[in-house]
Amino acid sequence: MATIATSAAIHHALVLDRQELAPGVVVLGFDAPALVRVTRPGQFVMAIPPSGELAATALGIYEASGNRASVMFFVVGKRTAELAALRAGDHIELTGPLGNGFTLDNVRNVAIVAGGVGIASVLLPAQALTRAGARVRLYYGARTNALLVDHDRFTSEGCELHAATDDGSMGHAGYITDLLSQTNDLPDMILACGPTPMLRVVARIAEERNIAAQLSLEETFACGVGGCWGCVVPLVRTSKQAPSFPPAQRNGSDVVYARVCKEGPVFWAHELRW
Amino acid sequence: MATIATSAAIHHALVLDRQELAPGVVVLGFDAPALVRVTRPGQFVMAIPPSGELAATALGIYEASGNRASVMFFVVGKRTAELAALRAGDHIELTGPLGNGFTLDNVRNVAIVAGGVGIASVLLPAQALTRAGARVRLYYGARTNALLVDHDRFTSEGCELHAATDDGSMGHAGYITDLLSQTNDLPDMILACGPTPMLRVVARIAEERNIAAQLSLEETFACGVGGCWGCVVPLVRTSKQAPSFPPAQRNGSDVVYARVCKEGPVFWAHELRW
Amino acid sequence: MVDLRGVDLGVKIGKLELPYPTFMGSGCYGSGEEFASFVDLARIGAVVLKSVTRLPRLGNPTPRLVHTPAGMLNAIGLQNPGIDWYLEQEVAKFASRPCAIVGSVAGFSVDDYAYVSERLATRDEIDALEVNVSCPNVASEGETFACDPKLTAKVVRAVRATTDKTLIVKLSPNVTDIASIAREAEAAGADALAVINTVRGMAIDVDRWQPRLGNVTGGLSGPAIRPIAVLAVYEVARAVTIPIVGQGGIETTSDALEFFLAGASAISIGTANFTDPQIPLRIIEELAQYLRLRNLGSLAKIVGKANVGFSNPYQYEGDEG
Amino acid sequence: MVDLRGVDLGVKIGKLELPYPTFMGSGCYGSGEEFASFVDLARIGAVVLKSVTRLPRLGNPTPRLVHTPAGMLNAIGLQNPGIDWYLEQEVAKFASRPCAIVGSVAGFSVDDYAYVSERLATRDEIDALEVNVSCPNVASEGETFACDPKLTAKVVRAVRATTDKTLIVKLSPNVTDIASIAREAEAAGADALAVINTVRGMAIDVDRWQPRLGNVTGGLSGPAIRPIAVLAVYEVARAVTIPIVGQGGIETTSDALEFFLAGASAISIGTANFTDPQIPLRIIEELAQYLRLRNLGSLAKIVGKANVGFSNPYQYEGDEG
Ligand SMILES: Cc1cc2nc3c(=O)[nH]c(=O)nc-3n(C[C@H](O)[C@H](O)[C@H](O)COP(=O)(O)OP(=O)(O)OC[C@H]3O[C@@H](n4cnc5c(N)ncnc54)[C@H](O)[C@@H]3O)c2cc1C
Ligand SMILES: Cc1cc2nc3c(=O)[nH]c(=O)nc-3n(C[C@H](O)[C@H](O)[C@H](O)COP(=O)(O)OP(=O)(O)OC[C@H]3O[C@@H](n4cnc5c(N)ncnc54)[C@H](O)[C@@H]3O)c2cc1C
Ligand SMILES: Cc1cc2nc3c(=O)[nH]c(=O)nc-3n(C[C@H](O)[C@H](O)[C@H](O)COP(=O)(O)O)c2cc1C
Ligand SMILES: Cc1cc2nc3c(=O)[nH]c(=O)nc-3n(C[C@H](O)[C@H](O)[C@H](O)COP(=O)(O)O)c2cc1C
Ligand code: FES
Ligand code: FES
């Protein structure tokens, strides 16, 4: 992965705009030029719910250009509900950019797989790749048509869209990974973000087809900055992303736990032991 | 006090109207004919904050006529903030009426003393007394003019208004009890509701002048219905309001703890040992 | 009405048979009467009465309550008229309650407990006894009975000798090893265990530089203590074979399920009644739904079923420590 | 910049002198570096490092975190590379931190503690040691050191013998009588006590009938445990004369003041950093304001000042129990 020195800061950002793309799916745009400047595709922020009583919550950086960055989230619990109550003119406090993003060097023909709100973390890599001249196919799945939000943002960037919905209201009726596994027009790289069961299937397909895959994982976070070791995932010790750990003297496993927030959230599928 | 058999019920009431009388002072009117029918002056409700995560909160019944009852409250913490977010068309859940109200029989010349939001519990007794032909003087104190909310409701009912504000922006500059203690035109009864320090001064004035006084007390509540014995105040054991308790065999005090929510919230000043 | 088609929510705790697996926590629900005008007591299972002692007690000075994050502290101090007055003036009224009535016994010596239990147990209005061993033991410098396995056993044996009624022993979480106390209580003859009582705590008024409770310290209840209570139930369930009445911060059906899965046969609801007195009824209804949706005929099918841990596939040298 | 005109927020804990009375809790703040790009470490007092053990540990299986009402459960399981690697690869980096660095030592035998402490204490980058006695004692079937006054004393004596550096002993709340453990730790040579570590708890996934933590049980932290922590500090302050670092759910200045008034000389902030990493700086600023507004020149003036209880004017026969 693109391991970079942290340039995270706390941003006290003016909310510029708020859209509800579908019921319970919110995009908040805010003024944060300093964040935009250093953000790399696949990074996230820790957003502080305004009441100050709940833990900060991780959100992928959806858009980042000029002075404006944005996050997209589903209202699923208390924290996202508090964030959803923000309006243009309010301020949002967030720490970022955090984590290591996708490795996009030498990617020419990519399949991006997004499940549900996983779409929030893949617009920036899609943009970077299409602009670099790569062929980008977006495999985008959601429960229903209305929740396949902003797919036109991707097609207008030049991505080919393959869609799936659980209820068949748009595209393939079933899992998005069905489409991925059926294609014979293989990409040279897969990037994926979405629910863990989807990522596991992507990892299996990538292994079977012998395609390198980068997965953006989701775990329960506490600090979000590498301070608590709560968000870990088992990783082979030889991975470049593995945290500093001594070789085993005896009966040690070849796996270490790596922090999703710090060493990730993006990992090479073949290096995970989850 | 007017001890009555409980007729409390849980009301799932439609919010009819919401007014903000001053910044942070809210009146919520709701449709609850069954509550109106049995409410007596000085009773209260336990209102359930909509999130369902905080304890229910005690609020005096401000108005009660026809199908509509109302509560008035200051937004001071989480629970009142949640209630203040209700709008006409929403529903409010509340248990009531609770507690014993004021004893108004044979009251001909009364001074009602209200401090701040204490005003919420004295409109009903003021109405009952003026309508029964009694002379009613309202001694009404608040921090500032803008917080002397709804005083015209009382004057239009025929009450004489004596006002005091801490900052002198209306009426006497100082405590409302200053006015009460200065008058030589003595009432035959005092009813009071407001902050505890105010009530203590009222109790002292009443004792010095030998006037019967009924105080509506405020305590931190848990259940609000007499189930937990958390909200007690020391009362002489011989009071008619004292809870059932055996006479002391030895070294017992002549005081028992009575529940503000159940035996009160209104007590005779001379029976309190606080 | 609760829709009970195809599901059995009933439990048997000792000899006490209840149509619903819910108790209203001691000290939180008066004698039931306080809630009767707005909650149908026929649908709540059982009420555990406020604890009663040998002599009348005024209880603690005020304030007695403080709200804290996701919970509250209380320090009531066992205000009650004493067992004599209680039997003369109060107990007869319980006969009309359409739910089970569990008496709660407190004391400051083994003899206190035995005396109060014996007298209370004579009355038909009382369906079962709960022993609140969390009171300070006057003879041991204020240490509570609940904190010492041997003292707990003494109290339970003494009370057991006074009655054949169902005997529930209520354990305190303020101990190093609740399982060892549970084992002693079981061996001494308890029919069931109530797990847990409140957690000791304190709050300070930083403007007045004073404790917020008249008694300085108090008992923490509500959702804040739920993880502590779930673990206590889980550990006690592994230590004994008698049924457990799980409690501590139950507010929703999901909370209740945590306790059943941890090993409780029944639950008790205290503080949640202060949030919304309809909560017990809602939980009973939703429990029935949960069982029906999963084709589980009875609650017993889920008791203690969260026992399967995880495997730990990856270890390193120091992990064996 | 913190406006310190006329007020002294400095504390002395053993030999450790800090300009601000705040520690960042062990396991919550990495080595400080993780927060350095967005929090000025010169303004936070001290960082307590994640606990280190003799051998490398992968730690517990996942999941390791669960959010609970007003708190969270964690079960990290002391993931760390072991003391050898730690000294070789990590410790040198701490030299550049503009705050005090407190090493945290964990172990599974008395010898473990002594060994790790001795090696850690050789390093100048480490300003003081904290001893985390909440680990299971392998020799006593998993009972933790922190649960037994004698075992605690053994560990503290052994560690004390290895170093002259300031020694803070971190106590567990999961005991019947924390004061007796505090007394033993003081007698065995502790310079200060950290009160409290997390409270044991558990949460269950009711859809999957499984514990929510890979380790089954975990430690509860955050505002939910604050009343428990305030009481523990209050009781320990009455039992010892060495300074106390109060912790457990501190999120606001008012929370911090509760701990000082209860008897803490300094405080530690853990979980609140996950809510908002600016909280420690805000608390320091507001503490200075609080002292200035009340004309209290130094924090020492409020330590332990909430000790005046209430009188109990009214009693009845049974209240003497
Ligand atoms: C690297 C990363 C990137 C992510 N990017 C996105 C994104 O771009 N968009 C998106 O929608 N999601 C994203 N997520 C997921 C997102 O962080 C979670 O959905 C979010 O945490 C939801 O918070 P919540 O409190 O609203 O609901 P949840 O955390 O799902 O809460 C569910 C329930 O748990 C309880 N709960 C959770 N946290 C707390 C707490 N602190 N205190 C009390 N109770 C709590 C609540 O009661 C709630 O009902 C990302 C996650 C990661 C790890
Ligand atoms: C008989 C009676 C009648 C009353 N009538 C009225 C009336 O008519 N109008 C009126 O305005 N007031 C009335 N009061 C007072 C009113 O009940 C309190 O002001 C009300 O409880 C405020 O609740 P709150 O949570 O908004 O704030 P508070 O209870 O004052 O809260 C202050 C702080 O405490 C904390 N807190 C309080 N409760 C909780 C909780 N359950 N959970 C977590 N934190 C908590 C909050 O963080 C808050 O910041 C009456 C009181 C009584 C006893
Ligand atoms: C106000 C109050 C009073 C209580 N009084 C008693 C009591 O007298 N005897 C007893 O055994 N438990 C008493 N308890 C403890 C409860 O019965 C219950 O065990 C505890 O509060 C945990 O459950 P909860 O979180 O659902 O309230 C009391 C609890 C509260 C909140
Ligand atoms: C994620 C996490 C990891 C922790 N790890 C350690 C640890 O390794 N050693 C230790 O002594 N305490 C550890 N603690 C306990 C904290 O240092 C602190 O004592 C406790 O959380 C109470 O304070 P708080 O509520 O402010 O977090 C940890 C706490 C958390 C939340
Ligand atoms: S959430 Fe703390 S290390 Fe990742
Ligand atoms: S608040 Fe429970 S008895 Fe009054």
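The values are calculated or read from the model by the stated rules, or taken from the named source; none is laboratory data. Please read these numbers as outputs of a predicted model, since none were measured by experiment. A quick note on method: Cβ atoms are made from the backbone with ideal geometry, for glycine too, and the neighbour counts reach across all protein chains shown.
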Of the numbered conditions (1) part of a loop (DSSP other than H, G, I, E, B); (2) surrounded by 24 or more Cβ atoms within 10 Å (Cβ to Cβ); (3) away from ligand 6 (no atom under 15 Å from the Cβ), C:Tyr29 fails exactly one; give the number of that condition.
(3)
Looking only at the stretch D:261-282, count how many residues are within 13 Å of D:Ala229 (Cβ to Cβ), touching a residue at least 60 places away in the same chain (Cβ under 8 Å) and touching a helix residue (DSSP H, G or I) at 6+ places or on another chain (Cβ under 7 Å).
3
Those residues of the stretch B:34-51 which are farther than 18 Å from B:Ser121 by Cβ and surrounded by 17 or more Cβ atoms within 10 Å (Cβ to Cβ) amount to B:Ile48, B:Pro49
Looking at D:Ser221, D:Ser254, D:Ser268, which one is within 16 Å of ligand 5 (Cβ to nearest atom) and out of contact with any Pro (no Cβ under 9 Å at 6 or more places or on another chain)?
D:Ser221
For the stretch B:22-78, name all the residues that are at pLDDT 95 or above, part of a loop (DSSP other than H, G, I, E, B) and polar (S, T, N, Q).
B:Thr39, B:Gln43, B:Asn67
Filter result (closer than 14 Å to A:Leu272 by Cβ and surrounded by fewer than 16 Cβ atoms within 10 Å (Cβ to Cβ)) within the stretch A:159-196
A:Thr196
Within the bounds of the stretch B:72-92, is there any residue that is in contact with a helix residue (DSSP H, G or I) (Cβ under 8 Å, 6 or more places away or on another chain), within 13 Å of chain C (Cβ to nearest Cβ) and among the aliphatic types (A, V, I, L, M)?
yes
B:Val256 - would you say it is of a type in the set (Val, Ile, Thr), in a loop (DSSP other than H, G, I, E, B) and either assigned by TED's automatic domain parsing to the domain that holds B:Asp185 or within 15 Å of ligand 6 (Cβ to nearest atom) (or both)?
no
Members of the stretch B:235-262 found to be in contact with a Ser or Thr (Cβ under 8 Å, 6 or more places away or on another chain) and either within 16 Å of ligand 5 (Cβ to nearest atom) or under 20 Å from C:Gly214 (Cα atoms) (or both), listed by number
B:Asp254, B:Tyr257, B:Ala258
Index of the failed condition, A:Phe245 passing every other in (1) modelled with pLDDT of 95 or more; (2) of a type outside the set (Val, Ile, Thr); (3) in a loop (DSSP other than H, G, I, E, B):
(1)
Restricting to the stretch B:185-216, give me the number of residues that are outside any helix (DSSP H, G or I) and not polar (S, T, N, Q).
15
State whether the residues of the stretch B:38-61 include one that is more than 26 Å from B:Glu271 (Cα to Cα), within 14 Å of another protein chain (Cβ to nearest Cβ), away from ligand 2 (no atom under 12 Å from the Cβ) and in contact (Cβ under 8 Å) with a residue 24 or more places away in the chain.
yes
Of the listed residues (C:Ala95, C:Ala70, C:Ala46), the one being hydrophobic (A, V, I, L, M, F, W, C), at pLDDT below 95 and either touching a Lys or Arg at 6+ places or on another chain (Cβ under 6 Å) or away from ligand 5 (no atom under 16 Å from the Cβ) (or both) is C:Ala95
Scanning the stretch C:57-76 for residues that are in a loop (DSSP other than H, G, I, E, B) and touching a strand residue (DSSP E or B) at 6+ places or on another chain (Cβ under 7 Å), which turns out farthest from the other protein chains (Cβ to nearest Cβ)?
C:Ala75
In the stretch A:215-225, the residues that are more than 12 Å from ligand 4 (Cβ to nearest atom) and surrounded by fewer than 24 Cβ atoms within 10 Å (Cβ to Cβ)
A:Leu217, A:Glu218, A:Glu219
Suppose we filter the stretch C:5-23 for residues that are within 14 Å of ligand 3 (Cβ to nearest atom) and over 22 Å from C:Thr163 (Cβ atoms); how many remain?
1
Please verify whether the stretch D:256-269 includes one or more residues that are within 16 Å of ligand 2 (Cβ to nearest atom), surrounded by fewer than 24 Cβ atoms within 10 Å (Cβ to Cβ) and more than 26 Å from D:Ala188 (Cβ to Cβ).
no
When C:Tyr86 is run through (1) buried (at least 24 other Cβ atoms within 10 Å of the Cβ); (2) modelled with pLDDT of 95 or more; (3) away from ligand 1 (no atom under 16 Å from the Cβ), the failure sits at (1)
Within the stretch D:196-221, of all residues that are touching a Lys or Arg at 6+ places or on another chain (Cβ under 6 Å) and more than 7 Å from chain C (Cβ to nearest Cβ), the one farthest from D:Gly248 (Cα to Cα) is D:Asp205
Lone qualifier among B:Ile205, B:Ile190, B:Ile211 - being touching an Asp or Glu at 6+ places or on another chain (Cβ under 9 Å), of a type in the set (Val, Ile, Thr) and farther than 30 Å from C:Tyr29 by Cβ
B:Ile211
Look at B:Leu272 and say whether it is crowded, with 24+ Cβ neighbours inside 10 Å, more than 21 Å from C:Glu90 (Cβ to Cβ), away from ligand 2 (no atom under 11 Å from the Cβ) and not assigned by TED's automatic domain parsing to the domain that holds B:Thr57.
no
Filter the stretch A:232-261 down to residues that are surrounded by 18 or more Cβ atoms within 10 Å (Cβ to Cβ) and either more than 19 Å from A:Thr196 (Cβ to Cβ) or not basic (Lys, Arg) (or both), then give me how many there are.
17
Filter the stretch C:171-195 for residues that are within 9 Å of chain D (Cβ to nearest Cβ) and among the hydrophobic types (A, V, I, L, M, F, W, C) and give the result.
C:Val175
Among C:Ala179, C:Ala158, the single one that is among the hydrophobic types (A, V, I, L, M, F, W, C) and closer than 22 Å to C:Thr122 by Cβ is C:Ala158
Taking the condition more than 16 Å from ligand 6 (Cβ to nearest atom), closer than 15 Å to A:Ala111 by Cβ, out of contact with any Cys (no Cβ under 7 Å at 6 or more places or on another chain) and away from chain D (no Cβ under 14 Å), does A:Asp166 pass?
no
Yes or no: B:Ala81 surrounded by 17 or more Cβ atoms within 10 Å (Cβ to Cβ), within 11 Å of ligand 2 (Cβ to nearest atom) and small (Gly, Ala, Ser)?
no
If you check C:Ser104 against the conditions, is it away from ligand 6 (no atom under 16 Å from the Cβ), away from chain D (no Cβ under 14 Å) and buried (at least 20 other Cβ atoms within 10 Å of the Cβ)?
yes
